4 protein chains.
Amino acid sequence: MIDVALFGAGRIGSIHAGNIVRQPGVRLQYVVDVDRAAAEALAQKYGAKVADAETAFAEANVDAVVIASSTDTHAELILRSAKARKAIFCEKPVDLSLDRARKCAEAVRAAGVACVIGFQRRYDPTFASLKARIEDGEIGEPEMLVVTSRDPGAPPVDYIKRSGGIFKDMLIHDFDIFRWIIGDEAATVYATGSCLTNPEIETAGDIDATAVTIRTRHGHLAQINTIRRAAYGYDQRFEVIGSKGMLQAGNHRPTEVVLWSSGAITADKPEHFFLERYRAAYAAEMAHFFEVVAGRATPRTSIDDGVAALALAEAATTSWREQRIVELPAERP
Amino acid sequence: MIDVALFGAGRIGSIHAGNIVRQPGVRLQYVVDVDRAAAEALAQKYGAKVADAETAFAEANVDAVVIASSTDTHAELILRSAKARKAIFCEKPVDLSLDRARKCAEAVRAAGVACVIGFQRRYDPTFASLKARIEDGEIGEPEMLVVTSRDPGAPPVDYIKRSGGIFKDMLIHDFDIFRWIIGDEAATVYATGSCLTNPEIETAGDIDATAVTIRTRHGHLAQINTIRRAAYGYDQRFEVIGSKGMLQAGNHRPTEVVLWSSGAITADKPEHFFLERYRAAYAAEMAHFFEVVAGRATPRTSIDDGVAALALAEAATTSWREQRIVELPAERP
Amino acid sequence: MIDVALFGAGRIGSIHAGNIVRQPGVRLQYVVDVDRAAAEALAQKYGAKVADAETAFAEANVDAVVIASSTDTHAELILRSAKARKAIFCEKPVDLSLDRARKCAEAVRAAGVACVIGFQRRYDPTFASLKARIEDGEIGEPEMLVVTSRDPGAPPVDYIKRSGGIFKDMLIHDFDIFRWIIGDEAATVYATGSCLTNPEIETAGDIDATAVTIRTRHGHLAQINTIRRAAYGYDQRFEVIGSKGMLQAGNHRPTEVVLWSSGAITADKPEHFFLERYRAAYAAEMAHFFEVVAGRATPRTSIDDGVAALALAEAATTSWREQRIVELPAERP
Amino acid sequence: MIDVALFGAGRIGSIHAGNIVRQPGVRLQYVVDVDRAAAEALAQKYGAKVADAETAFAEANVDAVVIASSTDTHAELILRSAKARKAIFCEKPVDLSLDRARKCAEAVRAAGVACVIGFQRRYDPTFASLKARIEDGEIGEPEMLVVTSRDPGAPPVDYIKRSGGIFKDMLIHDFDIFRWIIGDEAATVYATGSCLTNPEIETAGDIDATAVTIRTRHGHLAQINTIRRAAYGYDQRFEVIGSKGMLQAGNHRPTEVVLWSSGAITADKPEHFFLERYRAAYAAEMAHFFEVVAGRATPRTSIDDGVAALALAEAATTSWREQRIVELPAERP
């Protein structure tokens, strides 16, 4: 039996809790949250106990931790988990500071503990199938990537202020998709953007729409376009052009109902937001984590992936702020 | 130079006129219509002359006639054209009477003149491509057919009264599609229907919605569903299930614009009605006719096809009226 | 806590077991199956006990039974459950005999127990959404229905022999869809069919492809086309034409990946078969059953629905066998 | 009667000739080409005469010229046409030199002659409908644009050498789309690219794949991705995100046939290349030109549009060559 301590009883923590308890041979033992009431409620729902961090780390039979608390706590919890030799699942981003993220990666490596970062998109059935088909050679060498990543609405400005900015908060996923799909290191990053939807975001020093271009060492090209508020909903698509063809990943829709009216033919909008769109991905990601914990798999989204995506986010932030093309050093292994 | 006399200067006659004058080596010489003003207007538009039927048939250098006048004139014009040894293009149906239609076919055969019937759907790029792919073996043996054939609105009741009823007027095309696609003779026909959209149609002794089932001699199955008034527009689809797969023919749309709004994703309705949907088909059909006249092709939609579709329409009418399953005699060659 | 006895530890029984244990406040107490090993395995997986039917019915604290055993056991188990005053979920069909099915319905009514029949399609997100939109008036009055219901392959001939024939085994679902969507009683049924895929099915006295037409008392029309072996997979679509528009229910696909190759644009086939296609429906159906058991809902798919669909299947069987149009008596309330 | 001289009897000249002769009240009088045989053939096909440029310009009753000769002849022919006070239709680009293009624009303005530039995409039914719907306010303010513009194969390297480079030759259309759709002036342009498909293109000093980003004065964003060789065909799509929704322009397909096979669901590839994809656009563009000549319309694609698109192409070329973000001066009216 694998015993788990969950840090964070918020929205994403609840999702993980539900997926943890569905894994055979896995038990949710502790829920840890500064919001005691939230921790209580979640613990009770799944027959777990509330604990503070000290207790959770001290408990020898806690084999694994799932970190879904606020971003500013990730690094410390990773370091303490590594020290306590517990397997780690941690939500993205590892940290807002690239240096601190690298220190976490070193600690994980040194401790020899398993660590999976929550880039759930790689576990999405559509995206994972597309990736497998690239590897099967269906489109030859992947040469170009176009990523469409649009949210249905911006989070509160208070959240944005603490988020590290749009590149670390929102595009971190898209940078990970880029690395995973193109499979070549970024050589230059160019990012521009605007504040189109809410002037308060600009006042907070951030933007809500971006256009990013990455050129890789082998000359492959990637474009990412994002907006915090796509009036029509949550839009998560990408397409990869290879030497022999193209693969597209489309949105998922709640239903396959189509209305033919006197004016037009209409289909459902995409799934509402990430909790709906990536429901299956969150489940598959947690199943994968426990495969890793059980020694039957190696992390598909490692802490090195977390660091690398953060490095791209930092480069993009610099490009946007300083209005220049940023060159990236060769990625460290 | 092939000289042509066109009978009928109405809506479909005008379409044919436009296509006649685009054929290389073909000249529209005469336009014949009881409505002299319509004939004048059309003749003037394309540099032709107005004539009466006698003149047109008497003129030795008229090589071909295109019959697009009202249905009740078709048989007589075919017979006179055959007698005058002119190549014939005639709109469907050949006649409302199966006997008279057969007499026309015999006259055409006896005179040895070319005769193409205006089943324009067979010349539609989508339908023709689907047929070619069946012949290429993409789906193996065609076993089942589902035809969706719906109009955006019923014609005036006065037209319906003279139309021969929904099976001869509207489904004649679908019966031809059945024969063309399934390639096996009908053994039984069952037709039912209702008057759903306009009670005056019922008063006129007709219906405006039908459900037809055909079983062939080899046990293949076809279902046709029609309605005179599909509130959403003109709907022309069919699908063929074969032993190895299925081929679907979809609607054509005016544009490929898609709107993603806050409520739904919406695409264009199908092309408005038959003049728009089958624009390319009408052009290809007329080009084919003059290939036949020039001796470079044999009719792809012969008068025998016209007779056979009419026989199915008559059987369906009987099935509906007498509320019974109608058996069909083996088709005569 | 609601205690449940599950009859049947086969494929569909396992699905139900997984959904039973996910319901809050519900416990799977007993698994009953003539195949003791299957019962043991399923019971162990979900922490339940194996029992024989007598024990299960005798146990006072068993509140509900889920009947997923072979069709020939349904009627007896329903009667015993009613007698024991347990809430009943039973897979379709209620029985192969319409008389016996009616007796079951009477017993259920007399005992005043809740009874839900496993027409899982009504709980499918796509189908349920479509139905809700009809009720919201999006297409006005539903006037025509076209149901496409095709399996990816025929079951073993031994199964077919005991199945009651294609109309009771396969089309029972489509007849239920007809009743649910059109909301009007059948007046006449016409069914024809063929054995197209496997001559042994014909030898067994059955067919593997059908074309059914229903006309309702108000003149509405429905066509159903089915085949046991659609070479391209499991095809579950229907479309409803109303006075103001059309609603279509399309297939679900495993992923939204699209390949653009040098030859064509290709998307995923539909979900493999009913266990995949209706995964969400099976879960929703079981959740509904326990809402009914808890007194918070009334059956959305009642035993009367089960009887009515069976009556249509019997009429269709007669129509096919006797090659005649079958008139249906007005449905009893 | 409007008399026309056509310069250029090549592929695109032939397309224009066919569309010229279909305009009511328009006569193709002269065909001019350095390849006399090509001129002869085209002239004969449409009942025109062959002439040299001097004759064509000297002829007082030539009202309009259509310039479809090689790019290096455009500027001189425009200047001579302006001097001769003839209405001008000229293929894109106006010239490879921005200075010379501006001189042409000034000459046209000074002479007061009508001038339409062949940005045929604006006349495409799909693109034109999308534009009209933006103007109708369907998506509010257009804020972001993503243009996908991919060719099925690169032209010969000899052509590429004389083409002015990928930005002036291929993306000139996309820059025009940007200006037309976004309706705001470019403030900065960033372009990167690679030679991915044929090393000879690199040797010739050009690239075959690009990623371009434009930020406008109001902060709107556009991304363009192109490749000379998309293995799957000609891909011409764009999408515009506005404050209230998104509009997408999709590819056109030759037919609406869909195959459901045992492996996948497959649809037609897009239309083969620009002659097929923009067939309707070429016709509509020529009809528009003669509306302009007749004084019933003003140019929808003016020589100023030609100059402005060229300015963007030049900025993109500089950005790519010098690996820097290029700022654009405010557009001159």
Rotational relation A to C, axis-closest Cβ in chain A, residue and distance rounded to whole Å: A:R22, 4
To the nearest 20 debye, what is the magnitude of the charge dipole of chain D about its Cα centre, counting +1 on the Cβ of each Lys and Arg and -1 on the Cβ of each Asp and Glu? 380 debye
Counting other Cβ atoms within 10 Å, keep those with at most 12, restrict to DSSP loop, and tell me which GluC sites (Glu not before Pro) in segment B:279-328 are left. none
Based on the Kirkwood radius over alpha-carbon pairs, what value in µm²/s does the Stokes-Einstein equation return for the translational diffusion coefficient of segment B:256-306 at 25 °C and 0.890 mPa s? 173 µm²/s
Accessible area (Å², 1.4 Å probe, nearest 10) - B:L79: 80 Å²
With the label set 7 Å along Cα→Cβ, B:H272 is separated from its counterparts in the other copies, in nm and shortest first, by 3.1, 4.1, 5.0
Ignoring ligands, DNA and RNA, what accessible area per residue does segment D:80-197 give at 1.4 Å, in Å²? 32 Å²
Less than 16 Å apart at the alpha-carbon level, and either on another chain or at least 8 residues along: which lysines does that give for B:K244? B:K131, C:K269
Let me check I have the definition right: for the protein assembly as shown, take the eigenvalues of the Cα gyration tensor, multiply each by 5, take square roots. What are those semi-axes in whole Å, largest first? 56, 50, 22
Given segment C:116-166, report the % of alpha carbon pairs whose separation exceeds 18 Å. 56 percent
Based on alpha-carbon centroids, what's the gap between segment B:268-333 and segment D:71-90 in Å, whole number please? 52 Å
Can you work out ³J(HN,Hα) from phi for every residue in segment C:301-306, in order, using Karplus 6.51 cos²θ - 1.76 cosθ + 1.60 and θ = phi - 60°, giving whole Hz and x for Gly and Pro? 10, 8, 5, 5, 4, x
Using 1/(1 + (r/R0)^6) with R0 = 22 angstrom and r between the beta carbons of A:A110 and A:A60, what's the FRET efficiency to the nearest 0.05? 0.60
Please give the total accessible area that chains D and B bury against each other, computed with a 1.4 Å probe and expressed in Å² to the nearest 100. 1900 Å²
One-quarter of the Cα convex hull surface for chain B, in nm²? 18.6 nm²
Of all DSSP beta bridges in the protein assembly as shown, what percent run antiparallel (nearest 5)? 60 percent
Principal axis box of segment A:143-242, alpha-carbon based, largest edge first, Å: 40, 26, 18
Restricting things to Cα coordinates, could you compute the convex hull volume per residue of segment B:1-140 in Å³? 133 Å³
Orientation-averaged projected area, Cα convex hull of segment D:36-114 (nm²): 5.3 nm²
Using the alpha-carbon centroid of each, what span in Å lies between segment C:123-160 and segment A:1-52? 40 Å
Using a 1.4 Å probe over the heavy atoms of the protein chains, calculate the carbon and sulfur portion of the accessible area of the protein assembly as shown as a whole percent. 49 percent
How much accessible area per residue does segment A:207-277 have, counting only protein heavy atoms and a probe of 1.4 Å, in square angstrom? 25 Å²
So what is Rg over Rh here for segment A:277-319, counting just Cα atoms and using Kirkwood for Rh? 1.15
Using modelled backbone amide H atoms (1.01 Å from N, in-plane), which distant-in-sequence or interchain residues come within less than 5 Å of C:G153's amide H? C:A230
For A:A37, label point 7 Å along C-beta direction: distances to other copies, nm: 5.5, 8.2, 9.0
For a paramagnetic label modelled at 7 Å from the Cα of C:K49 toward its Cβ, which residues of segment C:277-310 fall within the zone defined by backbone nitrogen distances under 14 Å? none
With -39,500 (n - 2.57) per DSSP H segment of 4 or more residues and division by the full residue count of chain D, the 222 nm estimate, nearest 500 deg cm²/dmol, is -11500 deg cm²/dmol
Length-normalised contact order for segment C:176-333 - Cα pairs under 8 Å, 6+ apart - percent: 26 percent
Round to the nearest 10 and give me the degree value, 0 to 90, for the angle of helix B:279-293's Cα axis relative to the longest principal axis of chain B. 50 degrees
If you fit an axis through the alpha-carbon atoms of helix C:172-182 and take the longest principal axis of the Cα set of chain C, what angle between them do you get, 0 to 90°, nearest 10? 70 degrees
Once the label point is set 7 Å along the Cα-to-beta-carbon vector, what list of distances in nm do you get between A:A58 and its counterparts in the other copies? 5.3, 10.8, 12.0
Can you divide the C-alpha Rg of segment B:84-182 by 2.2 N^0.38 Å and report the result to two decimal places? 1.28
Chain C - percent relative contact order, Cα under 8 Å, separation 6 or more: 20 percent
If you wrap segment B:214-333's Cα atoms in a convex hull and average its projection over all directions, what's the area in nm²? 12.0 nm²
To test your reading of the geometry: what angle, between 0 and 90 degrees and rounded to tens, separates the Cα axis of helix D:36-45 from the longest principal axis of chain D? 90 degrees
From phi via Karplus (6.51, -1.76, 1.60), per-residue ³J(HN,Hα) for segment B:48-62 in Hz, x at Gly/Pro: 9, 10, 8, 9, 8, 4, 4, 4, 4, 6, 6, 5, 5, 7, 7
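The values are calculated or read from the model by the stated rules, or taken from the named source; none is laboratory data. The structure displayed is predicted, hence computed values, not measured ones. Note that we place each Cβ from the backbone using ideal geometry, even for glycine, and neighbour counts take in every protein chain shown. Side chains included, ligands, DNA and RNA excluded: accessible areas come from the protein's heavy atoms. Shrake-Rupley method; radii C 1.70, N 1.55, O 1.52, S 1.80 Å.
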